[in-house]
Amino acid sequence: TQLLEQSPQFLSIQEGENLTVYCNSSSVFSSLQWYRQEPGEGPVLLVTVVTGGEVKKLKRLTFQFGDARKDSSLHITAAQPGDTGLYLCAPRIGTASKLTFGTGTRLQVTL
Amino acid sequence: KAGVTQTPRYLIKTRGQQVTLSCSPISGHRSVSWYQQTPGQGLQFLFEYFSETQRNKGNFPGRFSGRQFSNSRSEMNVSTLELGDSALYLCASGTGSSYNEQFFGPGTRLTVL
């Protein structure tokens, strides 16, 4: 059974701080997606990483896929209140089309 | 391009009733997936339809069912509602490609009293 862990579960920081959230598993992923969900809305896709060691940047967000493709991290530089939300990782294992979502990291950025 | 739409947005039912939720995917998308989101369990996969066929199914009881029409619109049905079915039900559409990137609708908030 795949065990998917996201950490930390909750994070409250002030505007301008940096932070990193993690997504870990004992299984090897064929790809992994990160989503952000704001209150009252559905999750929005941020990025898909595919290759071990891959790094992708989206403005102040940096996504990294572990070399062994069992983990991923999301780093936010100079967080802003607009970054507030639930960050979800969703790996894909093998050729399965369905996604399994982590429990998420709930981030609050205050002024 | 219009996004994923879900109707209704909010719904209140009582135990024992049944409910049908509707989802219209992004035009051209043939894959529709349904998820249940609760504070305790997070986002859990219900099922996925692709070209009117159920392609994947999660670990939910048979009270949860779905279907997809030829225009890719999808419905999910929950029969004999239980209090624990109270949740946000999210629909996501995708191209069905190998990465299966999901585009979510705003969800239907179901409350069972």
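The values are calculated or read from the model by the stated rules, or taken from the named source; none is laboratory data. Note that this is a predicted model, so its numbers are computed, not measured. When we count neighbours, we look across all protein chains shown, and the Cβ atoms used for this are built from the backbone with ideal geometry, even at glycine. Quick note on the areas: whole protein, heavy atoms, side chains included, nothing else; ligands and nucleic acids left out. Shrake-Rupley method; radii C 1.70, N 1.55, O 1.52, S 1.80 Å.
Could you list all residues from the range B:96-106 that are within 18 Å of A:ALA90 (Cα to Cα) and crowded, with 16+ Cβ neighbours inside 10 Å?
B:GLY96, B:TYR99, B:ASN100, B:GLU101, B:GLN102, B:PHE103, B:PHE104, B:GLY105
Which residues, taken from the range A:1-24, are under 30 Å from B:THR108 (Cβ atoms) and open to solvent by less than 20 Å² (accessible area, probe 1.4 Å)?
If the condition is that a residue be under 30 Å from B:THR108 (Cβ atoms) and open to solvent by less than 20 Å² (accessible area, probe 1.4 Å), then A:GLN6, A:VAL21, A:CYS23 are the ones that fit.
Scan B:THR7, B:THR14, B:THR38 and give me the residue that is within 11 Å of B:CYS91 (Cβ to Cβ) and not small (Gly, Ala, Ser).
Going through B:THR7, B:THR14, B:THR38 in turn, the sole match is B:THR7.
Check whether at least one residue in the range B:42-61 is away from every other protein chain (no Cβ under 12 Å) and among the basic types (Lys, Arg), and report yes or no.
no
When the residues of the range A:51-96 are narrowed to those that are surrounded by 15 or more Cβ atoms within 10 Å (Cβ to Cβ) and of a type in the set (Lys, Arg), which ends up nearest to the other protein chains (Cβ to nearest Cβ)?
This residue is A:ARG92.
I need the full set of residues from the range B:64-85 which are hydroxyl-bearing (Ser, Thr, Tyr), part of a loop (DSSP other than H, G, I, E, B) and surrounded by 16 or more Cβ atoms within 10 Å (Cβ to Cβ), in order please.
B:SER72
Please enumerate the residues belonging to the range B:48-63 that are open to solvent by less than 70 Å² (accessible area, probe 1.4 Å) and part of a strand (DSSP E or B).
B:GLU48, B:TYR49, B:PHE50, B:ASN56
Would you pick out the residues in the range A:54-111 that are more than 16 Å from A:GLN14 (Cα to Cα) and charged (D, E, K, R)?
Correct list: A:GLU54, A:LYS56, A:LYS57, A:LYS59, A:ASP67, A:ARG69, A:LYS70, A:ASP71, A:ARG92, A:LYS98.
Of a type in the set (A, V, I, L, M), more than 25 Å from B:THR95 (Cα to Cα) and either in a loop (DSSP other than H, G, I, E, B) or open to solvent by less than 70 Å² (accessible area, probe 1.4 Å) (or both): which single residue out of A:LEU107, A:LEU46, A:LEU99 fits that description?
Result of the check over A:LEU107, A:LEU46, A:LEU99: A:LEU107.
Among the residues of the range B:86-103 satisfying the criterion of being farther than 14 Å from B:LEU46 by Cα and assigned to a strand (DSSP E or B), which is farthest from the other protein chains (Cβ to nearest Cβ)?
Only one residue fits best here, namely B:GLY94.
Within the range A:68-93, which residues are under 14 Å from A:GLN33 (Cα atoms) and outside any strand (DSSP E or B)?
Result: A:ARG69, A:LYS70, A:ILE93.
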